[in-house]
Amino acid sequence: MAAACSNKIIDVFWHEGMLNHETGKGVFDSGTDPGFLDVLEKHPENSDRIKNMVSILQKGPISPYISWQHGRPAQVPELLSFHAPEYIDELVEAGKQGGKMICAGTFLNPGSWDAALLAAGTTLSAMKHILDGHGKLAYALVRPPGHHAQPKQADGYCFLNNAGLAVQLALDSGCKKVTVIDIDVHYGNGTAEGFYRTDKVLTVSLHMNHGSWGPSHPQNGSVGELGEGEGFGYNLNIPLPNGTGDRGYGYAMKKLVVPAVHKFEPDMIVFVVGQDSSAFDPNGRQCLTMDGYREIGRIVHSLANKHSGGKILIVQEGGYHITYSAYCLHAILEGVLDLPQPLLCDPIAYYPEDEAFAVKFVEATRNYHKEMVPFLKGT
């Protein structure tokens with residue numbers, strides 16, 4: 001097996017220190033104890049979800065295709081390529097004081113700041129690995145997640161924007177254009193905000209239609225949030241109807257994402273993955289299964305082969321079902337490797353899908369892009 005897959009390897013960047021980010025217990029992600037529940041659940045963004053992702057890559061059928069690489073903490077000056085100094089100062093001070101709730105559901109506890117630095121540095125190392133020519137496929141298996149973190153604002157369990165830092169490193173290292181494809185169930189608002197005014201980064205986010213959820217997340221994730229100034233048209237939001245499954249996501253990828261990436265012609269692709277768009281996730285209302293994730297991975301593989309010389313940085317975000325998130329990760333990586341047959345069967349997926357609503361939405365969005373997005377006119 002190892003010899004057969006020698007030309008198909010994913011370098012996985014990981015550091016166990018990221019498990020030290022403790023998010024506590026309470027009513028879902030609130031951290032509160034109402035006093036009348038005998039059993040309080042763990043915060044959804046807990047270390048168990050990541051432990052299973054690590055173990056399935058170590059012990060599952062995909063293990064011969066995995067090469068493990070050491071993560072490292074980011075240095076504070078590295079963070080300033082994406083984040084404002086005053087925001088970083090706030091996080092550093094919160095870490096020194098023993099932690100606090102930075103915004104709703106987002107807790108910086110003792111150990112959290114060190115874990116956040118590890119997540120950022122590990123993602124930067126994964127990107128540098130690709131930029132230096134040591135591999136074409138790298139996966140930053142990191143927590144806390146990052147894609148909601150804006151230049152000056154934490155949000156949605158995220159402190160530092162791991163993917164955004166990696167995108168900026170690619171640009172600073174000579175990449176002309178970078179595409180971000182984000183399939184987490186929630187809008188990648190932080191990454192979008194960081195590159196909202198540039199035409200050098202095409203940010204594409206496929207998410208459920210959840211809208212704004214408060215002061216830390218003022219963006220709606222709507223199709224009309226297209227970017228500003230030179231960046232107008234280079235932020236493409238695809239807020240799929242709640243309940244969209246494998247066929248609906250596949251249709252959106254083929255009709256919206258693929259044409260945009262072909263037109264943009266990036267020389268680097270950053271694939272931001274969250275398994276919270278699965279049919280069984282407690283934090284999402286979409287219905288992807290392993291088959292759907294696998295197909296999305298194959299499509300991203302094909303785009304990378306055409307435009308970026310096969311180079312893909314994969315960055316972990318959400319995914320809160322302790323078991324199924326690991327299985328869906330396995331499927332995503334199978335797709336990115338473009339393996340001819342599935343290596344792992346889906347243990348629980350059964351969901352009758354009616355994609356008609358999703359197809360109607362995708363067609364309306366495609367017409368909107370043709371009318372409103374300058375670089376997509378005529379496609």
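The values are calculated or read from the model by the stated rules, or taken from the named source; none is laboratory data. Being a predicted model, the structure only gives us computed values, none of them experimental. Here the Cβ positions follow ideal geometry from the backbone for every residue, glycine too, while neighbour counts run over all protein chains shown. Ligands, DNA and RNA are stripped out before the accessible areas are found, and what is left, the full protein with its side chains, is counted by its heavy atoms. Shrake-Rupley method; radii C 1.70, N 1.55, O 1.52, S 1.80 Å.
Would you say Gly105 is touching an Asp or Glu at 6+ places or on another chain (Cβ under 9 Å) and at positive phi? Talk me through it step by step, then tell me what you get.
Details: touching an Asp or Glu at 6+ places or on another chain (Cβ under 9 Å): yes; at positive phi: yes.
For Gly105, the condition - touching an Asp or Glu at 6+ places or on another chain (Cβ under 9 Å) and at positive phi - is met.
So which residues in the range 361-379 are hydroxyl-bearing (Ser, Thr, Tyr), touching a helix residue (DSSP H, G or I) at 6+ places or on another chain (Cβ under 9 Å) and part of a helix (DSSP H, G or I), if there are any at all? Don't jump to the end; show me each part of the working.
Initial filter on the range 361-379 (hydroxyl-bearing (Ser, Thr, Tyr)): 365, 368, 379.
Still in the running and touching a helix residue (DSSP H, G or I) at 6+ places or on another chain (Cβ under 9 Å): 365, 379.
Within the range 361-379, Thr365 is the sole residue that qualifies.
Glu353 satisfies every condition listed in (1) within 24 Å of Gln286 (Cβ to Cβ); (2) more than 23 Å from the chain's Cα centre (by Cα); (3) modelled with pLDDT of 95 or more except (3). Which residue is farthest from Arg247 (Cα to Cα), if the candidates are limited to the range 281-308 and must be open to solvent by 10 Å² or more (accessible area, probe 1.4 Å) and either among the polar types (S, T, N, Q) or touching a Ser or Thr at 6+ places or on another chain (Cβ under 6 Å) (or both)? Going through the qualifying residues, I end up with Asn305.
Hey, can you tell me all the residues within the range 323-335 that are in contact with a strand residue (DSSP E or B) (Cβ under 9 Å, 6 or more places away or on another chain) and either open to solvent by 40 Å² or more (accessible area, probe 1.4 Å) or of a type in the set (Val, Ile, Thr) (or both)? I'd like the intermediate steps shown before the answer.
Restricting attention to the range 323-335, the residues satisfying the condition of being in contact with a strand residue (DSSP E or B) (Cβ under 9 Å, 6 or more places away or on another chain) are 324-325, 327-329, 332-333.
Scanning the range 323-335 gives Tyr327, Ile332.
Across the range 318-332, the qualifying residues are those that are part of a helix (DSSP H, G or I) and touching a Phe, Trp or Tyr at 6+ places or on another chain (Cβ under 7 Å), and the one among them that is farthest from Tyr157 (Cα to Cα) is Ala331. Is it true that some residue in the range 342-360 is in a helix (DSSP H, G or I), under 22 Å from Asp276 (Cβ atoms) and acidic (Asp, Glu)? Checked against the condition, which is being in a helix (DSSP H, G or I), under 22 Å from Asp276 (Cβ atoms) and acidic (Asp, Glu), the range 342-360 yields no hits at all.
Do we have Val315 as assigned to a helix (DSSP H, G or I), in contact (Cβ under 8 Å) with a residue 60 or more places away in the chain, under 14 Å from the mean Cα position of the chain (by Cα) and more than 16 Å from Asp281 (Cα to Cα) here?
On the way: assigned to a helix (DSSP H, G or I): no; in contact (Cβ under 8 Å) with a residue 60 or more places away in the chain: yes; under 14 Å from the mean Cα position of the chain (by Cα): yes; more than 16 Å from Asp281 (Cα to Cα): yes.
The answer is no for Val315.
Condition check for Leu124 on (1) among the aliphatic types (A, V, I, L, M); (2) in contact with an Asp or Glu (Cβ under 7 Å, 6 or more places away or on another chain); (3) more than 30 Å from Val336 (Cα to Cα): one failure, at (3). Looking only at residues in the range 255-280 that are of a type outside the set (A, V, I, L, M, F, W, C) and closer than 16 Å to Glu353 by Cβ, which one is surrounded by the fewest Cβ atoms within 10 Å (Cβ to Cβ)? Within the range 255-280, the match that is surrounded by the fewest Cβ atoms within 10 Å (Cβ to Cβ) is Ser278.
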